[in-house]
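Take a look at the structure below.
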Amino acid sequence: MNQLDLDTKLQSLDDEKREILELILSGETQVKISEKINLSEDSLKDKIEDIYRYFGVGNDDTRKRQKFFLISLFFKCKIDMVHIEAFKYHTTSGSRSSHLGELDKTINKLQKEEYKILELFLQNDTPQEIACKCNLGENGDKKVRNDLRKMCSSFHIQEANINYLIVLFFRYKPEMVQIPPLSDPSITASPCLSGVEAKEGIEIDNFQISLEDVDNRTQNKKQWRLIIQSDEYNETLLKTIENFVQNLTEDGTQKVIKISKGSIVIEFEGSPEGFERIKALFDSGELTEIAGFPIQEISALAEQQTQPTQLSEWLQGVFAPLWESVDGLFTPEQLRFAFRQRTEGVSRRKTIVFNELEDRQVELVATIIPVEMPRVKVMVQIVPSAGVTHLPEDLHIQLVDESDAENPEGEVFEAQENLEFNAEVGDAFSIIVEQGRFRVVERFMV
């Protein structure tokens, strides 16, 4: 079920039930709702049960959590309808991506036992069952409840109701929520969010890290270009366009990854189906403008723009376009960011442009060093562009191991850090460079 599915159901909901639904999504109790709409509690209960069944969350949950399941569904796909005080932080400030980043950081700070408690709770275990599985001893269920309440605060939930953790994680990390009916494919198969599964990663400097492939971002994705006729540009306009595209394509994974000059050229990445949907609307003449601005073009990016760079060819002196020598290109200030010299390897650099309208760009430096063929060492770093002495604070690089067919989840590295790892000829990986909302993916084949 996605946002358009919910919109369709909402249109068929009678006025009384629509009012009840809105009061539930505002956090009102049944007693308060009964008073506000002047309906007996018994009649109200029947109508609420009808609403649960209508939206597919009316299962016979013995713990009576249908209300939280209903809130979860709307918090995930129509967050603008949720006005519960406990989620004020999530509904009134920041973007989904920024909240997801904060959530990941908070999860990483959890102790091993705390994470296990959270994981089991989201897998439908009761506090008593969790206490038993974690060997917490007498009154262990109280400790479980206390830990979960503390997590509510850590995750910016302004009410210590542990069931609100289900609501929060169903929006940001639905793959962790294994609770019927929220785990039912008809509910979870939504473009609002995609899941992430943690796996082991590759070896970097003799220690194990996990690698990131959120939303399968480097595989099964279509990159395409939208050109609108406009002389103005601001973040609000960009967000409006992105939301419009996500709704029109029924694909919440559609994200702006780059902006260029020439009217306003906005590059998206998302599902191929989403691209085909919006392209067909444009070609048929049904879609002619976005946010009041005429659309000049919707087209797929040329395939060669997303082909992987063949690193092993560098050892034979063969370089793809746009990859330039690093010799003499950096000032002394920039050199302090750069890799130490490796005379036995080959280094090249490529300019990464996020937003031409605001002149946001950095330099991606890659080095390949033969060790004992087919084994090589690969080094990657981001450095400031010419005339700039420092990198943006909100810049990150991510490493994705594409050689693993299971698309492992990843670790985010600060841009100032070097990435060094061993690989073999034939291995594939990607470097994701993110600056604020913008993202550029560079694919490599060793």
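Being over 14 Å from residue 6 (Cβ atoms) and β-branched (Val, Ile, Thr) is the filter; apply it to the range 69-107 and report the residue that is surrounded by the most Cβ atoms within 10 Å (Cβ to Cβ). Top of the filtered list is 84.
Taken together, the criteria exclude residue 227 from residues that are in contact with a helix residue (DSSP H, G or I) (Cβ under 6 Å, 6 or more places away or on another chain), more than 29 Å from residue 429 (Cβ to Cβ), among the hydrophobic types (A, V, I, L, M, F, W, C) and at pLDDT 80 or above.
Among the criteria (1) loosely packed, with under 15 Cβ neighbours inside 10 Å; (2) free of Cβ contacts under 8 Å to residues at least 40 places away in the same chain; (3) among the polar types (S, T, N, Q), the one residue 66 does not fulfil is (1). The criterion of at least 2 residues that are closer than 28 Å to residue 107 by Cβ and modelled with pLDDT of 70 or more is met, among strands (runs of 3 or more DSSP E) falling completely within the range 338-423, by 375-384, 395-401. Among residues of the range 269-291 that are assigned by TED's automatic domain parsing to the domain that holds residue 258, those with a beta-carbon under 6 Å from a residue that is in a loop (DSSP other than H, G, I, E, B) and of a type in the set (D, E, K, R) at least six positions away or on a different chain give the pairs 269/221; 270/251; 271/251; 274/251.
Yes/no matrix, rows are residues, columns are (1) assigned to a loop (DSSP other than H, G, I, E, B); (2) under 21 Å from residue 440 (Cβ atoms); (3) at pLDDT 80 or above:
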| position | (1), (2), (3) |
| --- | --- |
| 257 | no, yes, no |
| 287 | yes, no, yes |
| 294 | no, no, yes |
| 297 | no, yes, yes |
| 312 | no, no, yes |
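For the range 114-132, the tally of residues that are surrounded by 14 or more Cβ atoms within 10 Å (Cβ to Cβ) and assigned to a helix (DSSP H, G or I) stands at 13.
If you go through the range 36-51 one residue at a time, do you hit one that is closer than 22 Å to residue 180 by Cβ and of a type in the set (Ser, Thr, Tyr)? The answer is no, given that none of the residues of the range 36-51 is closer than 22 Å to residue 180 by Cβ and of a type in the set (Ser, Thr, Tyr). Looking only at the range 1-48, filter to residues that are among the hydroxyl-bearing types (Ser, Thr, Tyr) and surrounded by 13 or more Cβ atoms within 10 Å (Cβ to Cβ); which one of those is nearest to residue 65 (Cα to Cα)? Within the range 1-48, the match that is nearest to residue 65 (Cα to Cα) is 26. One residue alone among 33, 79 is at pLDDT 90 or above and among the β-branched types (Val, Ile, Thr), and that residue is 33. Within the range 187-200, is there a residue that is surrounded by fewer than 16 Cβ atoms within 10 Å (Cβ to Cβ), under 16 Å from residue 77 (Cα atoms), out of contact with any strand residue (DSSP E or B) (no Cβ under 9 Å at 6 or more places or on another chain) and at pLDDT 70 or above? Within the range 187-200 (the criterion being surrounded by fewer than 16 Cβ atoms within 10 Å (Cβ to Cβ), under 16 Å from residue 77 (Cα atoms), out of contact with any strand residue (DSSP E or B) (no Cβ under 9 Å at 6 or more places or on another chain) and at pLDDT 70 or above), the answer is no, since none of the residues qualifies.
Sub-7 Å Cβ pairs linking a first residue in the range 347-358 that is over 22 Å from residue 318 (Cβ atoms) and among the β-branched types (Val, Ile, Thr) to a second residue that is at pLDDT below 85 and surrounded by fewer than 20 Cβ atoms within 10 Å (Cβ to Cβ), at least 6 apart or interchain, are 353/361, ordered by first then second residue.
Quick check: anything in the range 201-220 modelled with pLDDT of 85 or more and crowded, with 16+ Cβ neighbours inside 10 Å? No.
The values are calculated or read from the model by the stated rules, or taken from the named source; none is laboratory data. This is a predicted model, so every value here is computed, not measured. So basically every Cβ, Gly included, is an ideal-geometry build from the backbone, and we count neighbours across all protein chains shown.
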